[in-house]
Structure formats: structure tokens, C-alpha cells
Number of protein chains: 2
Amino acid sequence: MPKLNENYLNLKESYLFSEIANRVNKYKKENPDKNVISLGIGDVTLPLGSEVIDALHEGVNDLSKAETFMGYGPEHGYMFLREAIVDYYKRNGVDITAEEVFISDGAKSDTGNITDMFGPGNVILIPDPTYPVYVDSNMMNGREITYMDASEKNDFLAMPDKNVHADIIYICSPNNPTGAVYNHAQLKEWVDYALENDAIILFDSAYEAFISDPDLPRSIFAIEGAKKCAIEFCSLSKTAGFTGARCGYTIVPEDLKFTSSTGKEMSLNAMWNRRQSTKFNGASYIVQKGAAKAFTKEGMAQCQENIAYYKENARLIAECLKEKNIRFYGGINSPYIWFECPNNMESWDFFDYLLNNAQIVGTPGAGFGKNGTHYFRLTSFGNRENTIEAIERLNKLL
Amino acid sequence: MPKLNENYLNLKESYLFSEIANRVNKYKKENPDKNVISLGIGDVTLPLGSEVIDALHEGVNDLSKAETFMGYGPEHGYMFLREAIVDYYKRNGVDITAEEVFISDGAKSDTGNITDMFGPGNVILIPDPTYPVYVDSNMMNGREITYMDASEKNDFLAMPDKNVHADIIYICSPNNPTGAVYNHAQLKEWVDYALENDAIILFDSAYEAFISDPDLPRSIFAIEGAKKCAIEFCSLSKTAGFTGARCGYTIVPEDLKFTSSTGKEMSLNAMWNRRQSTKFNGASYIVQKGAAKAFTKEGMAQCQENIAYYKENARLIAECLKEKNIRFYGGINSPYIWFECPNNMESWDFFDYLLNNAQIVGTPGAGFGKNGTHYFRLTSFGNRENTIEAIERLNKLL
């Protein structure tokens with residue numbers, strides 16, 4: 001009999017968003033006449049800009065003719081896209097090289113698969129609350145997790161504890177789910193801690209494009225020393241509306257080298273390259289064509305129009321919560337608004353309350369960790385009309 | 001210091017096809033005037049059919065308008081594509097359900113990532129020669145591999161040895177690299193062996209569309225009992241020319257259940273669903289739209305035109321080898337021709353010999369295992385003109 005991976009038995013039965021989908025589907029089935037507004041899953045709703053659309057069509061056309069047909073591409077990603085990303089970072093004041101950029105089908109794959117790079121016995125720090133993939137992907141490997149508290153006490157921005165040694169640290173900024181954003185000094189403290197502990201920071205910058213405050217870092221590599229201790233994951237999902245088109249990228253610095261137990265030098269850039277060329281065959285050529293366009297000045301200007309639209313939604317939701325004197329985080333430099341459930345309600349109870357009484361779907365904070373037990377996440381990714389309608393319903397209900 | 005996955009130190013420095021690319025690039029640089037013909041990497045060259053192209057454009061158009069915009073799709077794959085695959089199997093005489101079909105970005109990802117499902121301590125059987133991903137993905141997990149010989153003695157079709165117990169068995173038919181195809185009775189023997197040993201067959205059917213002999217099984221699920229012991233991996237890469245567009249699928253039967261060490265039932269279908277919904281975010285919507293069209297009768301008729309073209313190439317290469325009295329396998333029901341290197345040459349030497357003297361790139365058998373040391377693989381995926389030119393050069397050289 002095959003020995004299966006029994007770590008799977010320790011996972012919670014279903015992934016947070018599947019559970020939400022189940023509850024919503026049940027409600028909709030029982031209340032087919034109700035107009036349910038989803039501000040739950042962080043999924044974009046605006047169509048792609050014309051620059052990207054044209055490039056996607058071009059990509060399809062290339063596959064229709066023998067002269068321009070593209071077969072297997074580099075597992076690492078096409079150079080035209082990697083260079084477009086390098087240029088985008090440069091415009092944001094950060095220097096990386098094309099050799100450090102790996103294209104994939106999305107940040108979720110990469111943040112999950114990165115666990116392949118590590119052996120057992122690491123002290124792994126994950127903030128609570130957190131994006132569930134960090135936890136589940138480690139649990140699938142039987143890895144122990146050390147949680148660090150993110151709460152009202154630190155404005156949901158966990159900071160290093162010099163008395164705790166860590167080997168691997170997950171940081172997401174702008175944060176999913178809390179919308180909190182680390183400033184330069186705070187990230188510098190993390191980088192210094194990582195260098196001192198010889199640790200690796202796994203930095204998720206999936207929401208960097210929502211930062212408009214020029215003083216806030218949009219990449220961990222804006223911090224001195226980070227190239228010796230950090231990997232950055234990013235995605236076109238929220239930057240360019242690619243949740244359906246699928247494209248992400250991971251930056252693994254060439255300086256990121258450690259020593260094996262037998263004294264051999266191991267380069268994480270080389271290891272990730274080996275992983276991807278063995279267990280991945282590159283992102284779709286069509287999608288990479290579109291993605292490259294998103295990083296041009298013209299393409300990014302269109303992306304930023306969409307982002308501005310979502311941020312106005314966020315501002316409107318935040319304003320409503322302010323008026324109601326409800327404590328909240330995010331809403332600026334982030335598509336997420338994270339607020340305290342009224343009347344000390346627990347978040348799944350508040351989820352059901354909101355669904356049943358206002359037909360609004362949000363995400364219960366408990367799904368992100370114990371520090372989310374009394375918190376709730378709303379996203380700004382709905383369309384304006386729905387968002388305003390939801391705010392009106394909230395205004396009546398709360 | 002983080003403990004890295006030191007199993008990576010046991011991997012050969014570079015993936016077979018990267019090594020080939022390096023040697024070819026070096027040769028081209030040193031001989032810029034030479035016309036190098038590649039019959040090496042199994043990559044298609046014909047453009048996609050108009051049915052698929054139209055559907056891909058439609059997919060792009062859907063993303064350009066708010067009314068039809070698609071965000072996150074099901075990690076499992078869109079139902080329209082899963083049902084198209086179920087229907088395709090039905091037309092080929094095999095019953096599967098949409099719940100058993102998982103869409104991905106390619107079979108390489110799935111055959112690599114499937115190792116996530118298994119614990120340590122399994123007896124893993126892999127034929128020698130073999131597609132390198134099976135070996136490398138297991139080595140990355142520190143798993144021990146038991147090789148089974150495929151050679152002239154069994155026409156490169158390894159059969160079960162009743163004296164050896166196995167837990168996990170890799171089978172690829174039509175085989176990459178040898179082009180050998182199992183018949184119904186032979187696969188039945190494997191299924192019976194797996195059922196008796198409570199083992200799992202990981203069946204790679206990436207080349208099933210090249211089978212024209214109606215007596216040869218195109219799916220492991222054409223064999224009675226296979227739903228209790230097999231997972232099937234397939235891809236649109238060779239079926240529909242999607243090596244650049246990227247789409248594959250994996251069939252995990254709902255009946256595939258085993259017992260944990262603590263006596264709990266574990267369903268591989270549920271585990272794979274959990275793995276994919278945690279570490280994957282679905283294949284591109286655009287690509288899935290195109291893929292669904294490939295499985296319609298009209299779409300598949302266009303795919304089969306391309307396949308017929310490649311098979312004619314294979315026939316021409318096989319004819320040349322026959323005339324030269326060179327022992328070969330494949331070439332029928334397969335895009336690959338696997339032949340003995342002349343004069344007992346070793347395969348990397350023959351690779352260099354062929355590159356230097358006939359400017360033909362093939363794949364040295366040694367890259368697939370020790371039983372390939374004196375063998376060489378050519379593919380039929382070139383265009384006709386190049387293939388004929390390559391045959392003329394071979395005719396002169398051999």
C-alpha cells in the first residue's frame with residue numbers, strides 16, 4: 001500500500017474561500033430573489049486595459065502562423081517580460097536583474113512551491129493573521145510554524161523579537177488581510193534582523209501597486225541588505241487584473257546563498273531555477289505577451305486607472321466605518337479594509353449576520369488566524385455601484 | 001541559518017534539455033553559417049488550428065469587457081473544459097467524470113507535483129530509460145527509486161516482476177523517449193499487478209493522440225480495474241500544439257482511496273484538490289477557452305491534421321533507418337523514433353558527431369537512463385522540409 005502524505009490529515013477540511021463559497025451558494029439557493037454583493041474574495045472586476053488586450057490578441061495571432069509560432073518557452077520566463085519587470089522596478093527606484101526574475105502562473109503557486117526549497121528543522125515565522133497559503137503549504141510538508149502576533153497593539157504590523165531566532169520569515173506588505181503597510185524603517189528592522197539571524201525573508205508584495213505614498217517601500221529590495229536575505233513574490237493579479245489571465249513573478253537574488261550541512265554553497269536562485277525547470281514548463285506565451293505590455297508606461301497607466309477606481313471604493317468604505325466609529329486598518333495604499341466586528345461579535349457569526357441581513361459577503365478574520373477572531377475583511381474590488389449599495393446597507397444595519 | 005533542501009545536491013547539474021541547448025548554442029556561435037536542424041526537444045512547430053485560435057481570441061475578448069470579464073476561476077478548472085474532456089474520453093470509449101478531471105498548466109507540472117501526495121518509504125518503480133521529470137521530482141523529495149529495465153529484451157516495454165513489491169509505478173505509453181506502446185493485455189497485467197500490490201500507477205498518456213491503431217489503449221482507464229489504482233496525466237502540448245499556450249490535465253478517480261497509518265481513509269482525489277487549491281490558482285481562462293475547443297469534434301479534426309503531418313515525418317525517418325538496417329523503436333503511434341547508435345557509439349558522442357557532421361540535433365539516450373547509453377531519440381515535430389533535409393544528411397553520413 002502506498003504511504004500517502006499524512007500531513008494532509010492535519011489541514012483544515014477546506015480552504016477558507018471554498019468554505020465561504022459554500023455558505024454563499026447555500027444562501028443564494030435558499031434566497032434566489034436576494035441580491036448578494038460580494039466584497040469577500042479579493043478578486044478584481046474591471047476588464048483589462050486596451051494595451052494589454054491588444055498584446056494578448058497579438059500573442060494569439062503569433063500562435064496562428066508557422067512563422068511566428070511559439071512552442072516551449074524558457075521555464076524561467078521570456079526575456080522580454082523579465083526585462084519589462086526589471087524596467088518597472090527601475091522606475092520605482094529598485095535595481096534587480098533579469099536573471100533574478102522568474103515568471104510563473106501566479107504568486108500563489110510560487111509562495112506555495114517555495115517550501116520545496118527548504119529542509120526540515122527551520123524555525124518558520126508567520127504573522128497571525130495571515131494569508132492561509134503560507135500556513136497550509138508548510139503544514140503539507142509537516143513543518144512546524146511559529147506565529148508572531150499582529151494585532152491592535154502593533155497596528156497589525158508584527159516586528160522582530162530579538163529573543164526569538166528564526167530561519168524563515170513570511171512578510172506581506174501591503175498586508176493581506178489587514179491592509180497594513182510597513183514603512184521603510186520597519187522593513188529595515190526586519191532586514192537587519194534577518195541578516196543577523198542568517199534568515200530568509202519571504203516577502204509577498206502582491207499589492208505593491210496600491211501604494212501611492214512615495215515614502216512607503218513597494219519592494220523589499222528597496223531596503224539595503226535585502227538582496228542577501230530576501231525573496232520577493234509578486235503578481236499581476238491585482239496590479240493588472242490578471243486573476244483570470246494568470247501571471248506572477250518571483251525575484252530570487254543571485255546573492256542569496258547559504259551553506260549546506262556538508263559545507264557546500266547552495267544558491268537559492270540556482271535551486272529555484274532547477275525546481276521550475278523540472279516541475280514547471282513556463283507560463284503561457286499569450287499571457288506573457290500581455291503581461292509585458294502591462295509593465296510599459298502606457299500599459300501601467302491603464303492599470304493605475306483601475307487601481308485608482310478600487311482605491312476610491314476603499315476610501316468610501318473606510319469613510320462609512322469612520323462615521324460608525326468602527327476601528328479599521330487599511331483602506332489606503334491597499335485594496336483591503338480590516339475592521340473590528342461590532343459588539344464584539346465573532347467573525348464567522350458576523351459573516352452570517354452580514355450575509356443574512358445585508359446580503360453582503362465579506363471574509364471572516366478567523367479564517368486568517370486567531371488574531372482575526374473579532375475582525376472582518378472587506379475588499380474594494382467590487383464595482384462602484386455595488387460598493388455604494390453595500391455601504392448603504394451597512395449604514396442601515398450597523 | 002535556514003536548512004535548505006539538500007536533496008537538490010544529489011541532482012545532476014542541469015536538466016537534460018538545458019545541456020542540449022547549451023551544446024547547440026555553443027556550436028551555433030562557433031559556426032554561424034551552418035544550418036542546424038533540430039529533431040531534439042519534442043516541441044511542435046505547426047501553428048494552432050483556426051477553431052482553437054478563434055476560441056483563444058474569444059477568451060481575450062471576454063477579458064476586455066466588464067460584462068464578460070473573468071477573474072479567479074476554479075482551481076480544479078472550468079467545468080466547460082472538464083466536460084469537453086469527459087466527452088473526448090467518451091468518444092474514445094472511456095468513462096470518466098468531470099469531478100475526476102483537474103486542469104493545469106501542463107503535464108510536467110502535474111507529474112512533478114504529484115510527488116507532494118506521497119510520504120516517505122514507498123517503493124517507487126520507474127522504467128529505465130525514462131522521462132527525467134519522474135526521477136528528478138522524486139530525488140528532490142529524497143525518495144529512493146527502483147529502476148526497471150526497458151531494453152531490446154522486452155522491446156522497451158518493462159513488465160511487472162511478481163517477485164518485486166512496488167507502491168508507486170510510473171508508466172508512459174506511448175513512451176517518451178522510446179516510442180514503444182503497451183497493448184491492452186500488457187497494461188492489464190500492470191493493472192492486475194497494481195491491484196494485487198495495492199499500488200498506484202502514475203500513467204503518463206501525453207502522446208495518446210498519436211495512437212491510430214484502434215487496438216491500442218489510449219488511456220489507462222480503458223483497462224478494467226484501473227480506476228482503483230491509477231492516476232492519468234495528459235496534456236494538450238502534443239495533442240493540440242499547446243507547448244507554448246500551456247494546458248494539461250490530470251485524472252484522479254474518485255475510487256482511488258487508501259488507508260493512513262492511523263486507519264483513516266484518504267482519497268487521492270480530495271488530496272489533489274486540496275493541493276491544487278492551496279498551491280495553484282487555475283490555468284489561464286484564455287487558454288482554457290482554447291483548450292475546450294480543441295476537444296470538440298471540429299477542433300480535434302484540426303489537431304489530427306497536424307498529428308498526421310508529424311506522423312508522416314516519423315514514417316519518413318523510420319524508413320531511412322530501415323534502409324540503413326539500424327534497429328529502431330517507435331515511429332508508429334508515436335512522434336518519437338528511438339534507435340541504436342551506429343558502431344556501438346555512446347549516445348553523447350553520437351550527439352556531438354551528428355551535430356558536427358550533419359548539423360542535426362537529437363537527444364542522447366543516456367539522458368533518459370543507462371539503458372539509453374547506446375540509443376538516440378529523434379522527433380517528428382520538425383517541419384517537412386527540415387525533416388527531409390535531415391534524412392538526406394543522415395543518408396549521406398550513416
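Below is a table of values for the structure above.
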quantity: Residue count for the stretch A:2-53, restricted to those that are within 30 Å of A:I145 (Cα to Cα), out of contact with any Ser or Thr (no Cβ under 7 Å at 6 or more places or on another chain) and of a type outside the set (V, I, T); calculated: 16
quantity: The lone exception for A:D255 - which of (1) surrounded by fewer than 24 Cβ atoms within 10 Å (Cβ to Cβ); (2) of a type outside the set (G, A, S); (3) over 30 Å from A:T178 (Cα atoms); (4) at the interface with chain B (Cβ under 10 Å from one of its Cβ atoms) it fails; calculated: (4)
quantity: Test: residue in the stretch B:1-9 that is part of a helix (DSSP H, G or I), over 29 Å from B:E305 (Cα atoms) and in contact with a helix residue (DSSP H, G or I) (Cβ under 8 Å, 6 or more places away or on another chain); calculated: yes
quantity: A:S18 vs. criteria facing chain B (nearest Cβ under 9 Å) and surrounded by fewer than 14 Cβ atoms within 10 Å (Cβ to Cβ); calculated: no
quantity: Filtered residue count, the stretch B:149-163, keeping only those that are outside any loop (DSSP other than H, G, I, E, B) and in contact (Cβ under 8 Å) with a residue 12 or more places away in the chain; calculated: 2
quantity: Long-range neighbours under 6 Å by Cβ, at least six apart or interchain, first residue more than 14 Å from every other protein chain (Cβ to nearest Cβ) within the stretch B:191-203, second assigned to a strand (DSSP E or B); calculated: B:F203/B:I171; B:F203/B:A230; B:F203/B:E232
quantity: Condition met for B:K108 (without any contact (Cβ under 8 Å) to a residue 60 or more places away in the chain and among the basic types (K, R)); calculated: no
quantity: Selection from the stretch B:152-199 of residues that are more than 18 Å from the chain's Cα centre (by Cα) and crowded, with 17+ Cβ neighbours inside 10 Å; calculated: B:P160, B:A166, B:D167, B:Q186, B:K188, B:W190, B:V191, B:Y193, B:A194, B:N197, B:A199
quantity: Among the residues listed as B:Y329, B:Y310, the single one being touching a Ser or Thr at 6+ places or on another chain (Cβ under 6 Å), aromatic (F, W, Y) and closer than 20 Å to B:F156 by Cβ; calculated: B:Y329
quantity: Looking only at the stretch B:218-241, and only at residues there that are within 14 Å of chain A (Cβ to nearest Cβ) and among the basic types (K, R), the one that is surrounded by the most Cβ atoms within 10 Å (Cβ to Cβ); calculated: B:K238
quantity: Leading residue by the ranking (farthest from A:N22 (Cα to Cα)) among those in the stretch B:65-104 that are of a type in the set (V, I, T) and either within 14 Å of another protein chain (Cβ to nearest Cβ) or in contact (Cβ under 8 Å) with a residue 40 or more places away in the chain (or both); calculated: B:V94
quantity: For B:G40: the one exception among (1) small (G, A, S); (2) touching a Pro at 6+ places or on another chain (Cβ under 6 Å); (3) surrounded by 20 or more Cβ atoms within 10 Å (Cβ to Cβ); calculated: (2)
quantity: Check on B:V60, touching a residue at least 12 places away in the same chain (Cβ under 8 Å) and at the interface with chain A (Cβ under 10 Å from one of its Cβ atoms); calculated: yes
quantity: Single condition B:S18 does not satisfy, out of (1) modelled with pLDDT of 95 or more; (2) under 21 Å from the mean Cα position of the chain (by Cα); calculated: (1)
quantity: Enumeration of residues in the stretch A:21-48 that are under 23 Å from A:S237 (Cα atoms) and within 14 Å of chain B (Cβ to nearest Cβ); calculated: A:A21, A:S38, A:L39, A:G40, A:I41, A:G42, A:D43, A:V44, A:T45, A:L46, A:P47, A:L48
quantity: Residue match in the stretch B:116-133 (condition: surrounded by fewer than 21 Cβ atoms within 10 Å (Cβ to Cβ), touching a Leu at 6+ places or on another chain (Cβ under 8 Å) and more than 9 Å from chain A (Cβ to nearest Cβ)); calculated: no
quantity: Single condition A:A294 does not satisfy, out of (1) buried (at least 22 other Cβ atoms within 10 Å of the Cβ); (2) at the interface with another protein chain (Cβ under 7 Å from one of its Cβ atoms); calculated: (2)
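Conditions tested, residue by residue: (1) within 7 Å of chain A (Cβ to nearest Cβ); (2) touching a residue at least 24 places away in the same chain (Cβ under 8 Å).
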{"position": "B:L216", "(1), (2)": "no, yes"}
{"position": "B:T243", "(1), (2)": "yes, yes"}
{"position": "B:T262", "(1), (2)": "no, no"}
{"position": "B:E265", "(1), (2)": "no, no"}
{"position": "B:N273", "(1), (2)": "no, yes"}
{"position": "B:F280", "(1), (2)": "yes, yes"}
{"position": "B:G290", "(1), (2)": "no, yes"}
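The values are calculated or read from the model by the stated rules, or taken from the named source; none is laboratory data. All of these numbers come straight from a predicted model, not from anything done at the bench. For neighbour counting, all protein chains shown are included, and Cβ atoms are generated from backbone atoms with ideal geometry for every residue, glycine included.
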